[in-house]
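Note sheet for the following structure.
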Amino acid sequence: MNPNPLLPVKGAVTNVICESRDVKTFQIKPENLFYHLPGQCAMLSLLGIGEALFSITSPPGRDYLEFSIKRVGKLTEALHQLGVGDEIGIRGPYGNGFPIEDLQGKNLLFIGGGIGLAPLRSLVQYAIDNRALYANKLHLVYGARSVEDLLFERDIRGEWPKERDVQVNLSVDVPHQDWDGFVGYVPQYLEQLPLDPENTVAVTCGPPIMIKYVLKTLEKLGFPPEQIVTTLEYKMKCGIGKCGRCNLDEYYVCKDGPVFYLSDLLKIKNDFCK
Amino acid sequence: MNSSVKTESLDSLLAACDRLAGKYRIFAPTLEDAVTGFRPLDAMTKEQRKAVDAIAFANKPPVTSVKSFFFPDSEIYIKFSREGRAVTQMDLDVCAPQIILGAKSCDVRSVELIDKVFLAGPIDTMYQERRQKTIVIATVCHEMGDNCACQEFGVSPAASAADVLMAKGCRGDIYLTPQTVKGEQLVQELCTVGSFAVCASLPIPVFDGAVEQLVAEQVQARMDKSFDSPVWERLAMTCIGCGTCTYYCPTCHCYDIRDFSRRDQGVRYRTWDSCMFLSFTNMAGGHNPRPTRADRLRNRFFHKLNYFVKKQGELACVGCGRCAELCPVGISISSVLKQIGSDLHES
C-alpha cells in the first residue's frame, strides 16, 4: 500500500531571517529533501496547531528549502516563534510551478507585490542560476506597502542589481523620508516604465487585488494574454486536489495551479479577471 | 460466482451475521431518534433490530448515506504526545473489516463517484483501506420514492455494483446474490454459520423505462449558460447556509484538516467540511474568492453538474433525493435543474 499522502515528513529549521516586521524566511531541511520547480509549494505544519500551503521561495538545487511567511493567523503566528533546530512537518512539492521551459530565451518581466515576491524569488534566482538558458533581460518591478515592508533586501538591493541585464524597480505605497523611488501602486508604476511586450513574458504574483489590476494594466500595455503568467493563492488543505476548496472552475489551484497563463484563466470561471 | 443463496427471513440472515460479529463490524439501517440511518447491529435494541427489515427494503434510502463508512465525518490520522521538546507519535486504531447491510443502489453508485476522486493518484490511502475492508450488501427498490430521481442520473434502483445484492421473496425469504470476490467470500462465510440453500436468483424488478436519463454533457452545457443567471442570487435569498445539503449528500466529499491539542497530547484529523460555509475559502489574510452565499451556492451546483462532468465525465449526483427531503428551504438538485431549464425539467 502507498503511504498516506497527507502525512508530513520531519524537517528541521536551519536558519531564520527576519525580513520585515511581519515576515520571516525559514530555511528548512526535510529528512528526505525533494526536488522542486520554481513556483511549487509545500505544506508546512506544526503538530497540534495546524498546516498550510506555502510557496517555496528558494530556487531548486539547494540542500534546503526556504519559505517566507507573513504573520497573519494562528499557524503563521506559531511558525514565527520557531528558531534554529526546531522541528516542523513538511510535505510536497505541490502544484505545477512556473513554465520554465516556455520562459527560456524570453525577456522576463517579474511583477511582485508584498509577500507575492516569495514565489517569484524562486524563479528570478533560478533564471540567474541558469543564465545560459535565460540570457535575455530580467526585469523585476516590486512594490510593498512601505519601505519597511520591502522583502529580500539582500536580493533586490544587494545581489540582483549587480547581475548583467538585470533591472530592479521598486515602489512603495506610502511616502517615506528616506525614499526617493516611486510612490504609488505597482500597476501605476508599470504604466510609467518603458515596457516592451516584444519577446517578453510577464510573471506576476501579489495580493489578489493587485493581480487583478496588474493583469488589466499589462493588457493595456499591449501584452497578449499568452505572455502573462500569474500565480494564485487560495485556501488549501490537502494539496492534492481532493479536499475541494481551491477550485477555479474544474481546476484545483493546488494541483493544476498555482501558476496559470492569463490566456488559460480567461477561458475559465474565476474571480481574478472578470 | 453469481450463484444465489436464500434463507427463510431477514431474522435468520441477521442471526447468521451475529455469528460473524467477531470478524466484522456489521451495520444495518434502522431508526434512532426517529431518523433512519445505519447503526451497528450488535448495539441495536430489539425494536431497532425489528425495524431493519422495513427500512432496508423501503423504496428510498435511509436519511444518512453510506459515505461515512468510507470517509468518516472525522478521522484521526496523527496522534501524538509531547514531553518537553520530544514528540512521540502513537499508533492509530486500525479500521476493522465491516459489512454494510441494506445499502441502496444510489448510495452504491455514490461511492463509485467518490472513488474517482479519492482513488485517483495520489491515492487517499485512508479511504482506500476502508474501501477494501468493507463489504456492501445492497437491497433493490421496487418503485421510486417520493424524492427519488436515481434513474434520471443513470442509477438502476434494482441493480448496483454492490458486493452482494439482497432481495426479498414474497414469503419474506431473503435472497443473496454475490457480485464480487469479496461478496462471494462473505456469502460462503454466511453459509457456514447460517441456514442457507443454493437457489436461482430472484428475478430483479424491471422498471418500465419511462424515466428519461439526463445527459451529463447537456446538463453541463446548460449550467455553462447559466453562470451569470440571476437564479443564483434568487436561490441565495432563501438559502440559510446551514450545510445540511453537503453533510447528507452521498457524493459531497470536501474535507478540512485540523489539529487539536490539549496539554501534552494532540491529534491531526480530517473532517467533513462544507463549501456552503464562508470559512471554507476564507484565507488568513482576509481574501475570500467566494464571499457571498450566491457564490458558494453556485459553486456547489457547478461542482455537481458542471465541473465534475468536465473532470470525470459524470454528473456528481445519484438522485437519492436527500437534499430535496432535508433542505429547510427546499433547494435541491432537482429544483436547480428545473430553474436552469433542462430538457427533462421544463418549468
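Some notes on this structure:
- Looking across segment B:109-145, the residues that are more than 22 Å from B:S201 (Cα to Cα), in contact with a strand residue (DSSP E or B) (Cβ under 8 Å, 6 or more places away or on another chain) and away from chain A (no Cβ under 14 Å) come down to B:V111, B:T134.
- Considering residues of segment A:217-263 that are assigned to a strand (DSSP E or B) and without any contact (Cβ under 8 Å) to a residue 12 or more places away in the chain only, the residue nearest to the other protein chains (Cβ to nearest Cβ): A:N247
- Neighbours by Cβ (under 7 Å, 6+ apart or cross-chain): first from segment B:197-222, closer than 26 Å to B:G313 by Cβ and basic (K, R); second surrounded by 10 or more Cβ atoms within 10 Å (Cβ to Cβ) and at pLDDT below 90: B:R222/B:I340; B:R222/B:G341; B:R222/B:S342
- When segment A:222-239 is filtered for residues that are modelled with pLDDT of 95 or more and among the hydrophobic types (A, V, I, L, M, F, W, C), the ones remaining, listed by number, are A:F223, A:I228, A:V229, A:C238.
Residues checked against (1) modelled with pLDDT of 95 or more; (2) among the aromatic types (F, W, Y); (3) not in a loop (DSSP other than H, G, I, E, B):
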{"residue": "B:M126", "(1), (2), (3)": "yes, no, yes"}
{"residue": "B:M144", "(1), (2), (3)": "no, no, no"}
{"residue": "B:A158", "(1), (2), (3)": "no, no, no"}
{"residue": "B:R171", "(1), (2), (3)": "no, no, no"}
{"residue": "B:V198", "(1), (2), (3)": "no, no, yes"}
{"residue": "B:P203", "(1), (2), (3)": "no, no, no"}
{"residue": "B:V206", "(1), (2), (3)": "no, no, no"}
{"residue": "B:E212", "(1), (2), (3)": "no, no, no"}
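- Which numbered condition A:A127 fails, given (1) within 14 Å of another protein chain (Cβ to nearest Cβ); (2) over 29 Å from A:P3 (Cβ atoms): (1)
- Residues of segment A:145-173 classified as out of contact with any helix residue (DSSP H, G or I) (no Cβ under 8 Å at 6 or more places or on another chain), of a type in the set (D, E) and surrounded by 14 or more Cβ atoms within 10 Å (Cβ to Cβ), total: 1
- Only a single criterion out of (1) more than 14 Å from the chain's Cα centre (by Cα); (2) away from every other protein chain (no Cβ under 13 Å) is not satisfied by A:P59, namely (1).
- Which listed residue, of A:Y64, A:Y94, A:Y35, is within 13 Å of chain B (Cβ to nearest Cβ), touching a residue at least 24 places away in the same chain (Cβ under 8 Å) and of a type in the set (F, W, Y): A:Y94
- In segment B:320-328 there is no residue matching the filter, namely being surrounded by 24 or more Cβ atoms within 10 Å (Cβ to Cβ), away from chain A (no Cβ under 12 Å), at pLDDT 95 or above and in contact with a Leu (Cβ under 7 Å, 6 or more places away or on another chain).
- Residue check for B:L92: more than 21 Å from B:Y247 (Cα to Cα) and in a helix (DSSP H, G or I): no
- All told, A:T14 falls short of being within 30 Å of A:P99 (Cβ to Cβ), part of a strand (DSSP E or B) and at pLDDT 95 or above.
- Segment B:24-45 - residue that is touching a Phe, Trp or Tyr at 6+ places or on another chain (Cβ under 7 Å) and in contact (Cβ under 8 Å) with a residue 40 or more places away in the chain and, of those, farthest from B:E325 (Cα to Cα): B:L41
- Members of segment B:274-319 found to be hydroxyl-bearing (S, T, Y), closer than 18 Å to B:I114 by Cβ and within 9 Å of chain A (Cβ to nearest Cβ), listed by number: B:Y307
- Residue ID - farthest from the other protein chains (Cβ to nearest Cβ), chosen from residues in segment B:225-273 that are more than 23 Å from B:A86 (Cα to Cα) and aromatic (F, W, Y): B:Y248
The values are calculated or read from the model by the stated rules, or taken from the named source; none is laboratory data. Since this is a predicted model, take the numbers as computed values, not measurements. Because the Cβ atoms are built from the backbone with ideal geometry, glycine has one as well, and the counts that use them run over all protein chains shown.
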